1. For the chain, calculate the relative contact order in percent as a whole number, restricting contacts to Cα pairs under 8 Å that are 6 or more residues apart.
2. If you count, for each residue, the other Cβ atoms within 10 Å and average over each peptide, how do 94-105, 147-158 line up from highest to lowest?
3. Starting from 0.36 nm per residue, how many nanometres of slack lie between Ser208 and Ser230 once their C-alpha separation is accounted for?
4. Can you tell me the length gained on complete extension of the stretch Lys284 to Met29, counting 0.36 nm per residue apart and subtracting the Cα distance?
5. Rounded to the nearest 500, what is the chain's calculated 222 nm mean residue ellipticity when only DSSP H runs of at least 4 contribute -39500 (n - 2.57) each, over all residues?
6. What part of the accessible area of the stretch 195-304, given as a whole %, is carbon or sulfur when the probe is 1.4 angstrom?
7. For Gly165, what is the net charge nearby, where nearby means another residue's Cβ is under 13 Å from its Cβ and Lys, Arg count +1, Asp, Glu -1?
8. Heavy-atom accessible area per residue, the stretch 106-161, 1.4 Å probe: how many Å²?
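The values are calculated or read from the model by the stated rules, or taken from the named source; none is laboratory data. Source: prediction; values computed, not measured. All Cβ positions, even for glycine, are placed from backbone atoms using ideal geometry, and neighbour counts span all protein chains on display. Note: areas computed on protein heavy atoms with side chains; ligands, DNA, RNA excluded. Shrake-Rupley method; radii C 1.70, N 1.55, O 1.52, S 1.80 Å.
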Amino acid sequence: QLANKSRPAIVQIRVTGESTKGGQGQPQMSRGSGFFIDPQGYLLTAQHVIDKAKTLEVRLADGERLPAQLVASDSQIDLAILKVQSAKELPVLSLTDSETIRVGDLALVFGYPFGRESSMNLGIISRAGRTYPNSASFDYIQTDAGAYSGGSGGPLLNSKGHVIGMITMASERGNMGFATPINVIKRVFPRLVNGEKLAWGWLGVQMSDMSLEQARALGIHPVKGVVVNSVSPGQSAALAGIQKQDIILSVNDNHVDSPREVTRLVGGIEAGRVIRMTILRRGKTLQLSVPLGTKPDTTKAREG
């Protein structure tokens, strides 16, 4: 019953990209998944599915194919909002509160893996993920329900058929899927639909994990924090007084233990806002207020 009720709202995204060989070859074709959230034709998919698309087409569950318009997208969240015009009212999925899910809850993944017919996989929530107040920062929801190539942009549902996330990544074997929590998408959807361009925060530092040797030398026990390897001149971190060899302990009172955590937390906060950072410098703990700059187009590894 859940499958029969949910499947009509899940679609295949067909993307035609730029031609190969400088316009002389065949156009690039790719496939993804998506789902309707509004009977007027708004649907969600992953931004990487439609990246560099020249034309977009949606294949409905009944086989009907409709041209689609890109309304808005955001690469930081990996979200794209599309819209189709249809003479009929379109079926939709209900969005729920992704903060209520727990490890072990039943989970369902719907999509169009490998560009074929729609399929449903059943599993559990392996990791509940997380969102942060007043921010688009998040940890992925992980499920063993499975996700495959072509399934990106498909919904992750709970046992009631309500959307708790959107699949954006899968393991190579397809036995694990990773989903953006739907609460993050609900937070930015109205602004993106209204035409706002969201500029995400940036510190301007390169970081590394704290090693056991460094922790011993600094007298840090248990091991915690992230080491600042370099600070870009003129960027937010430098202007706020962050220095090379500082240890970042927390961002907005969220403890951090990896460069990825710092980048994820900062990258979900809009440029211009001020964050609170706890820094350890030469044995002393400092509290810094850091106004965030704008994330540049190109970045280096371990930078954030």
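1. 14
2. Numbers: 94-105: 14.7, 147-158: 26.2.
Order by mean packing, descending: 147-158, 94-105.
3. Numbers: separation 22, 0.36 × 22 = 7.92 nm, distance 0.99 nm.
Separation in residues times 0.36 nm, less the Cα-Cα distance, equals 6.9 nm.
4. 86.2 nm
5. Estimated from H runs of four or more residues: -3500 deg cm²/dmol.
6. Of the solvent-accessible surface of the stretch 195-304, carbon and sulfur hold 49 percent.
7. Within the 13 Å Cβ shell, the charges total -2.
8. 41
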